[in-house]
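Down below is the structure, laid out as structure tokens.
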Amino acid sequence: MTKKRAAAPVPEKPLTPEEKLAAREAAREREALREARRASLRFWTKTVCAAAVAAACFFGAGRAVNYVTGLPVFTFSTLEVTGDVVRVPAARVKEAVEPALRGNFFTADLSAVRRAVEEVAWVREATVRRVWPNELLIGVETHQALALYEDGRLVSTEGVLFAANPDERDNPSDPLPNFYGPAAQVPQIARYWREFSLALRPLGVTVTDVNCSDRGSWSLVMSSDDIPPTRVELGQEEAGVSVVERLADMAAAYPKVAELMDGPPSSLDLRYNRAFAATLPDRDAIERLIMQKLSGPDAAPETPEEPEDTEIPDKPNGNPE
């Protein structure tokens, strides 16, 4: 059996005298903070124990417990929020928590507090715990925005609808795709948006809109620097071929179709068997796209208008649904 030799450790880069000094200073500050907390815990532990003994002597054990646990020292006076405190600042969490926070360190209902925090915009999940003797520590995990739903809500990367201000995203200048369809279908729309984008990657386009009708018929809008916003009708899922496969087949044939039509089709209809229909290029839309490229990236592309039905490929073997 051949023995494997362990890889030699990579030598660490030596610190400069200034870096060593800064590291020692940071370590001293952390130790001072830990010692201050330990001192505070020792003080309050001694105080509570002394109060418990005194109360037991005067009132008995049961009443002593009630007396000690009701001391003002156990009323929450500190709220610490960890996580994405940019989108979820402590002030916003405090405003949501105050109506739900009842009792003190011993009696507060942390489940109610957690539910209140999870109602705050951007919060996907919250954790709440007590820190002796009067601190509440709340950790928040936030949604990541994937798309904009038709009613103004956002869609997370997990396909969850949530209400929040889109301008508070990490990159608010980046446009979000638009999702349309029944709310129950949003997770499926999010999944198909990813699959549609992958199928259209050879064309270098962006999927800006995805629509799922109440009857389960799919459509999308794609565009790029060279292709004006183009509506693509996909139809319903079928046992033989999926809408994603139809889209991939169209993407493979698209360059030849655009060459034959002397420009990008203004719309595409894939609701046929072994064929698809395309409409003639919209010269005005192409000219607007060229002018937009010349004027800069600030101008937003227009939503494509409903095109005329002009079939270009072979005769379809079926009718659109």
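Nothing in this text is a laboratory measurement; each read-out follows from the coordinates by a stated rule. These figures come from a predicted structure and were not determined experimentally. Virtual Cβ from ideal backbone geometry, glycine too; neighbours counted across all protein chains shown.
Descriptive notes on the structure:
- Couplings 3J(HN,Hα) for the range 220-228, derived from phi with the Karplus relation 6.51 cos²θ - 1.76 cosθ + 1.60 (θ = phi - 60°), are 8, 10, 10, 7, 7, 5, 10, 10, x Hz, where x marks Gly and Pro.
- Summarising the label geometry, the points placed 7 Å from Cα in the beta-carbon direction at Asp109 and Arg124 lie 2.8 nm from one another.
- Charge sum, other residues only, whose C-beta stays under 15 Å from Glu150's C-beta, Lys/Arg counted +1 and Asp/Glu -1: -2
- In order along the range 205-214, the Karplus-derived 3J(HN,Hα) couplings, from 6.51 cos²θ - 1.76 cosθ + 1.60 at θ = phi - 60°, round to 9, 10, 7, 8, 9, 10, 10, 10, 6, 4 Hz, and Gly and Pro are given as x.
- Take the Cβ atoms of Glu29 and Thr82, set R0 to 22 Å, and the FRET efficiency comes out at 0.70.
- The 3J(HN,Hα) values that the Karplus relation (6.51, -1.76, 1.60; θ = phi - 60°) gives for the range 71-86 are, in residue order, 5, x, 4, 8, 6, 4, 10, 10, 10, 10, 10, 10, x, 7, 7, 7 Hz. Gly and Pro appear as x.
- Asp226-Asp151 FRET efficiency (beta carbon distance; Förster radius 30 Å; 0.05 resolution): 0.35
- Taking the DSSP bridge list for the range 145-295 and keeping only pairs wholly inside it, about 70 percent are antiparallel.
- Sequence of Met291, Met250, Met261, Met222 once ranked by neighbouring C-beta atoms within 10 Å, starting from the fewest: Met291, Met261, Met250, Met222
- Protection proxy ranking for 188-196, 163-171, using the average of other Cβ atoms within 10 Å per residue and placing the highest first: 188-196, 163-171.
- The slack between Asp174 and Ser213, meaning 0.36 nm per residue of separation minus the straight C-alpha distance, is 11.4 nm.
- When the square roots of the Cα gyration tensor eigenvalues are ordered a ≥ b ≥ c, the ratio a/c for the range 76-142 is 1.5 or more and a/b exceeds b/c, which makes its shape prolate.
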